[in-house]
Structures are given as structure tokens and as C-alpha cells.
């Protein structure tokens, strides 16, 4: 059975899952790891087709529940009863769903700007209307098609040079088969908007407030996630990279509150 690639940093403290978004990698967290590892053991995970993770052929491994099960397998391998979760962008679709399916395993969770996690049914139809065509293009065009996508790291304008360079290097590892599978089989059913009101674990949303298009989704989260805490920081979609000090401080303060 295929398994997510993961890497543990640090040797003490509670485990903290860090799961990146689409077309990113473990490099998403480089500017956060040193500080987070002082207080937790970050578990950096990579999605199918990203970084060092494989690209399964069968659609059954791309269901939202199957992605959650990949995290659960990691938890068991680490032999920990509970841990913290942090999902960035598309990664939040997995971490938020994990907390809904396994609340007893989650001490607390954090997530960042994620349209895919909070899109309502009507929005989902608009977002993924052409997902079949996109998947076909990815399989046929490979890296060249990936590079044309606006979410590819090569089009990022706000990232610090060192972080940008590392993301671009990992982008060369993107496997079109795995990425296409996530778009085709996962994305149209990844949103937790219809069920997120069932959240029963402490939840923090760290918002990159410069991404204006996320504003309605922030409002939806505030209205539907019980007890949600929201911290806004001066950053965009990749807020943890653009404002790492503020991001780390907000996350660690929340973790200490729920230690």
C-alpha cells in the first residue's frame, strides 16, 4: 500500500502535523520549523504526487477518507495517542476532516486560508467545473502544464527569495499523475463546509488578511465552527511563509492553551 512521505523534526514535545497545500511541499514549513521544534515535534507530511510522496494509480486512495487514513497510519507509526494538526490551503481539507472523524486523537487544530476546505456546494461546482479537462491536460502535458497553473510556485510574487527557491526546487518533483488524482478525485468532494459545524476540538484559524478572496470563507468559518478562534496576520495565502514570526507565535500560544 502506498504511504505519504513524512519527516519528524525534534525529539521531544507533542507531535504537530504540518500538511501543505496544492503544488507545495515540505518546503512550505522551512521558515517555521526551528521555532516550532522548540516546543513540539513537527511532523511534515507531503500529499500524493508532491515532493517525496508516491502517486497511486487507483482512485480509491484519493478519497478524502483515504487521505485521512494516511494521517491515521502515521499517528500509529509514531505511537502517540494524540497530536496537534495544522493544515495549509488544500491541506486543511484533510486535517479538518481528520478532526471530524477522529476527534479523540486531536488535542487542538490550526488551519490557514483554505477556499477548498470551506467552499459551499455552489462554490464547489464553480471551482471544479473543468476538473476533468485539467486532469487530462496534466497527464498529457506534465510539468509544462503544471507550470502554467497560477498556483504553481513559479508565479508567486510575495515569497522571500530563499523560501521561493526551495519551493521551486521541490516543484520539480511534482508528479502529474498524483496531482491530477487529487484534482479529479479529491477536490470536488474535499470541502468540509457542510459538516464543519460538527467540529468538537479546539480550533484556530490563522488568516493571511491580505488575501481578500478568502474573506467570505473566513466569515463562514466564524459562523459555523464551534468555538473558533481567529488570528489575523499580515500576509497572503502563504501567511506562514510571509509572516513566520506572527504565524509561529499565534500557533504556539494556541498550543500552550491546549497543552
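Values quoted throughout were computed directly from the atomic coordinates according to the rules given, and no laboratory measurement underlies them. Since the model is a prediction, treat every value here as computed from it, not as a measurement. Every residue, glycine among them, receives a Cβ derived from its backbone with ideal geometry; neighbour counts consider all protein chains shown.
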> Taking the stretch 163-182, which residues are without any contact (Cβ under 8 Å) to a residue 60 or more places away in the chain and surrounded by fewer than 15 Cβ atoms within 10 Å (Cβ to Cβ)?
Replying inline: 165, 172
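Residues checked against (1) surrounded by fewer than 15 Cβ atoms within 10 Å (Cβ to Cβ); (2) over 17 Å from residue 21 (Cα atoms):
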site	(1), (2)
197	yes, yes
211	no, no
221	no, yes
231	no, yes
253	yes, yes
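Against the condition part of a helix (DSSP H, G or I), over 27 Å from residue 106 (Cβ atoms) and within 18 Å of the chain's Cα centre (by Cα), how does residue 167 come out, does it pass?
Yes, satisfied.
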> Counting residues that are within 18 Å of the chain's Cα centre (by Cα) and within 26 Å of residue 130 (Cα to Cα), which helices (runs of 4 or more DSSP H) fully inside the stretch 174-259 reach at least 2?
Replying inline: 176-181, 215-224
>> Filter the stretch 111-159 down to the residues that are without any contact (Cβ under 8 Å) to a residue 24 or more places away in the chain and touching a strand residue (DSSP E or B) at 6+ places or on another chain (Cβ under 6 Å) and list them by number.
In response: none
